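Single-structure report; data block below.
The values are calculated or read from the model by the stated rules, or taken from the named source; none is laboratory data. All values derive from a computational prediction rather than experimental measurement. For neighbour counting, all protein chains shown are included, and Cβ atoms are generated from backbone atoms with ideal geometry for every residue, glycine included. Just the protein is used for accessible areas: all its heavy atoms, side chains included, with ligands, DNA and RNA removed. Shrake-Rupley method; radii C 1.70, N 1.55, O 1.52, S 1.80 Å.
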Protein chains: 2
Amino acid sequence: MAIVAVGSLAFDSINTVKGKRERMLGGSLTHFANAAYFLSKPHLIGIVGGDFSSENWDFIRSKAGSIEGIDILKEEKSFFWEGVYSEDFEKRETITTELNAFAKFDPVVPFSYRKRPFILFLANIDPEIQKKVVLQSPESTLKILDTMNYWISSSYEKLSAVLNVVDGIIVNEEEAFLLTGEKNIVMAAEKIFRPHFKMVILKKGANGVMVFGKDFIVSLPSFPLRDITDPTGAGDSFAGAFISYLDRLGTLNYSQAVVKNAAAYATVVASFAVEGYGVDGLKGISKKDINKRLDEFRKITACK
Amino acid sequence: MAIVAVGSLAFDSINTVKGKRERMLGGSLTHFANAAYFLSKPHLIGIVGGDFSSENWDFIRSKAGSIEGIDILKEEKSFFWEGVYSEDFEKRETITTELNAFAKFDPVVPFSYRKRPFILFLANIDPEIQKKVVLQSPESTLKILDTMNYWISSSYEKLSAVLNVVDGIIVNEEEAFLLTGEKNIVMAAEKIFRPHFKMVILKKGANGVMVFGKDFIVSLPSFPLRDITDPTGAGDSFAGAFISYLDRLGTLNYSQAVVKNAAAYATVVASFAVEGYGVDGLKGISKKDINKRLDEFRKITACK
């Protein structure tokens, strides 16, 4: 199989209790590919400006199955985001969002991406663009959508329309509450779950993740970390690792056991991701490191 | 082995989004015994007033190994607490606390309780009283202490003194942060963990529980509940079930596997407890019901 992912390629300036970093390579697509890489290099769809350096290209190329779907607008700058995290990393405030080239994003799924079945990941972007990508992806066997508060509040109708054509959603707990008006996470998941869905993935940050299937629930804690450096992209890293696990397994049967193992694997990959700034958390990490921490995670949480 | 527990027997008036209940039987000792009951009926130490009805006595007697250590102050009323929960059950506000008989609590560990080794549970009461009970319990093989924000803020020195003579502590996440000034739960646990400790148990409510041993961590999510009725006593129910599991197992080796299974069992018992008002959540629940939900919990969380 394969993975096709659409999202943002960006520069991030972030400020945490650990320090400040300026204009690091970031964006949902970057973090997704950086985490998927270990099991399945995704085919990417995105847009960058003329300021995307050869070093940036080298990095993205090394993580991607293909970059044919990445457009360049030479006269524009790339997406830029600046944010500050609270001391406990639980809250973040956006200082600046400059869409730049991203404002003109009109993605096309390259023909070369469509030669075999694939899992489609729609990172957090305008639901109207997400829908365009879905309509160009009849070969996709599983379509998972990410979204955020902004789209839920401002474009609920469009979001609802794209939910009709995907197989599942990945959002965080607060977004699930906002989307449903519920205060209980199980109730929220049930309300989000549409009859045609295969899964609803609810991320709870340091409190772990829950995945709801048609007739099962999976719930896992996070991997206990003494030291977090930068949670930016943790959710996209989780998504990348989760989907790469499903893709590598090659099954179309998303059973409780399959989803549980995918979520455990993704929890561990995301735990490395937040230990460094930007994409550096996974720099130098090997499959062996991931498997070692996965064994530890099983000991910490898997009761027999 | 056996369990000896000291704490409050009380009447609670509570108000949740589900409705209001007046003067239900409550208190830390009541909830502890109600949950421990399935595996090991604890020997209780507490104090009540003349308003403790024969029905109340019948209930407590049915859950206890012995009630010899419960004092009665006929001319006083029993401890009374009134509280209101937020819609999502995450916050609670105390409306009234009347200590009544509890203000004169000066517990004595009955000689009959000390005929064999026991696990000692010190529910959330004045650390000075907790210390008195510890000093009367040389036969105890494991001493676990609960405490709360009030004692951490007002009696830190006394609390610190009793921590020198117990083997572990059970508190919630916010209390751990208050106790240590840390914002990261692993760092907080390490700071709380004294060299002579056997475990530090950090409860996270709907987000599960973590147990820290000398050289291991256990982390479990909560059991997913669609419908919560009354979280009062959830922590004491967890403690009762957790300690009853350790007692029933009869081991003095609190390994990662032992603690993980105890925590999973206690998570499930506590999940029943919050589904009803006061002690009613566990009313009519059988060991078979607990084991069935425990199997379900393993499927939800135990990755292989």
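Determine the distance separating the Cα centre of the range A:82-120 from the Cα centre of the range B:94-109; give it in Å without decimals.
57
May I ask for log10 I(q)/I(0) of the range A:1-75 at q = 0.15, 0.17, 0.26 Å⁻¹, from a Debye sum over the Cα atoms as equal point scatterers with solvent left out?
-0.50, -0.63, -1.21
Please grab the % of Cα pairs in the protein assembly as shown that end up more than 43 Å from each other.
When every Cα pair of the protein assembly as shown is considered, 28 percent fall beyond 43 Å.
Amide H to amide H under 5 Å from residue A:69: which residues, 5+ apart in sequence or cross-chain, H placed 1.01 Å off N in plane?
Result for residue A:69 returns A:44.
About the Cα centre of the protein assembly as shown, how large is the charge dipole given +1 on each Lys and Arg Cβ and -1 on each Asp and Glu Cβ? Please answer in debye to the nearest 20.
Here the protein assembly as shown has a charge dipole of around 2260 debye.
What nm distances, shortest first, do you get from the label point of residue A:296 to those in the other copies when the point sits 7 angstrom along Cα to Cβ?
3.3
Is there a simple number for the mean count of other chain Cβ atoms within 10 Å of the Cβ of residues in A:211-219, and what is it?
Across the residues of A:211-219, the mean count of other-chain Cβ atoms within 10 Å is 3.
Magnitude of the Cβ-charge dipole of chain B, K/R +1 and D/E -1, about the Cα centre, nearest 20 debye?
Charge dipole of chain B: 1160 debye, to the nearest 20.
So how compact is the range B:204-304: Cα radius of gyration and Dmax in angstrom?
In order Rg, Dmax, the Cα atoms of the range B:204-304 give 13.1, 39 Å.
Please compute, for the alpha-carbon atoms of the range A:1-126, the extent along each of the three principal axes and give them in descending order in Å.
46, 34, 28
Using θ = phi - 60° and the Karplus relation 6.51 cos²θ - 1.76 cosθ + 1.60, list the HN-Hα couplings for the range A:274-289 in order, rounded to whole Hz, with x at every Gly or Pro.
Karplus values, whole Hz, x for Gly and Pro: 7, 7, x, 6, x, 7, 6, x, 9, 5, x, 7, 9, 4, 5, 4.
Please list, in chain and number order, the residues 5+ apart from residue B:140 or on another chain whose amide H is under 5 Å from its amide H, with Hs placed from the backbone.
B:118
Using a 10 Å cut-off around each Cβ of peptide B:220-231, what is the average number of partner chain Cβ atoms that fall inside?
Mean partner-chain Cβ count within 10 Å for B:220-231: 4.
First obtain the Kirkwood hydrodynamic radius of chain A from its Cα pairs, then insert it into the Stokes-Einstein equation at 37 °C and 0.692 mPa s, and state the resulting D in µm² per second as a whole number.
Here the translational diffusion coefficient equals 171 µm²/s.
Put a point 7 Å out from Cα along the line to Cβ at residue A:74; what are the distances to that point in the other copies, in nm, shortest first?
10.0
Report the per residue volume, in Å³, of the convex hull enclosing the C-alpha atoms of the range A:123-171.
Dividing the Cα hull volume of the range A:123-171 by its residues yields 60 Å³.
Which residue fluctuates most in the GNM of chain B (Cα springs below 10 Å): B:97, B:30, B:141?
B:97
Counting only protein heavy atoms, what percent of the accessible surface of the range A:172-304 is carbon or sulfur at a 1.4 Å probe?
Of the solvent-accessible surface of the range A:172-304, carbon and sulfur hold 52 percent.
Which residue fluctuates most in the GNM of chain B (Cα springs below 10 Å): B:198, B:283, B:41?
Most flexible of the set in this elastic network: B:283.
On average, how much accessible surface per residue is there in the protein assembly as shown, in Å², for a 1.4 Å probe, leaving out ligands, DNA and RNA?
40
Please name which of A:178, A:155, A:121 has its Cα lying farthest along the dipole of the range A:88-227 towards the positive end, using unit charges on Cβ (Lys, Arg +1; Asp, Glu -1) and the Cα centre as origin.
Farthest towards the positive end: A:121.
Just to be sure I understand the interface: list residues from the range A:80-118 that lose 30 Å² or more of accessible area between the chain on its own and the complete protein assembly, 1.4 Å probe.
A:87, A:88
Which distances, in nm and shortest first, link the residue A:226 label point to the same label point in every other copy, taking 7 Å along Cα→Cβ?
4.3
Give me a comma-separated list of calculated 3J(HN,Hα) values for the range B:266-271, in order, Karplus coefficients 6.51, -1.76, 1.60 applied at θ = phi - 60°, integers in Hz, x for any Gly or Pro.
5, 4, 5, 4, 5, 5
At 222 nm, what helix-only mean residue ellipticity would chain B give, in deg cm²/dmol to the nearest 500, using -39500 (n - 2.57) for each DSSP H run of four or more?
-10500 deg cm²/dmol
What whole number of Å gives the distance from the Cα centroid of the range A:138-184 to the Cα centroid of the range A:236-295?
So the separation of the two Cα centres works out to 22 Å.
Find the sum over both chains of the accessible area lost when B and A are paired, probe 1.4 Å, and report it in Å² to the nearest 100.
It comes to approximately 2900 Å² buried between B and A.
Which residues' amide hydrogens lie under 5 Å from the amide hydrogen of residue B:76, considering only partners 5 or more residues apart or on another chain, with H built in the peptide plane?
For residue B:76, whose amide H was placed from the backbone, the distant partners under 5 Å are B:50.
Would you mind calculating the relative contact order of the range A:18-78 from Cα pairs under 8 angstrom and at least 6 residues apart, reporting the percent as a whole number?
In percent, rounded to a whole number, it is 39.
Which value does Rg/Rh take for the range A:111-268 over its C-alpha atoms, Rh per Kirkwood?
Rg/Rh: 0.94.
How much of the accessible area of the range A:17-70, probe 1.4 Å, is carbon plus sulfur, in whole percent?
46
Output the antiparallel fraction of DSSP beta bridges having both residues in the range B:132-222, as a percent to the nearest 5.
Looking only at bridges with both residues in the range B:132-222, the antiparallel portion is about 50 percent.
Quick one: Karplus J couplings for the range B:7-12, per residue in order, coefficients 6.51, -1.76, 1.60, θ = phi - 60°, nearest Hz, x for Gly and Pro?
Residue by residue, the range B:7-12 yields x, 9, 10, 8, 10, 10 Hz.
At a 1.4 Å probe, which residues in the range A:265-304 are at least 10 Å² less accessible with all protein chains present than in their chain isolated?
Relative to the lone chain, where solvent access is computed with a 1.4 Å probe, the range A:265-304 loses at least 10 Å² at A:298, A:299, A:300, A:301, A:302, A:303, A:304.
If you project the alpha carbons of the range A:9-48 onto their three principal axes, what span does each projection cover, largest first, in Å?
Here the spans come out as 33, 23, 9 Å, largest first.
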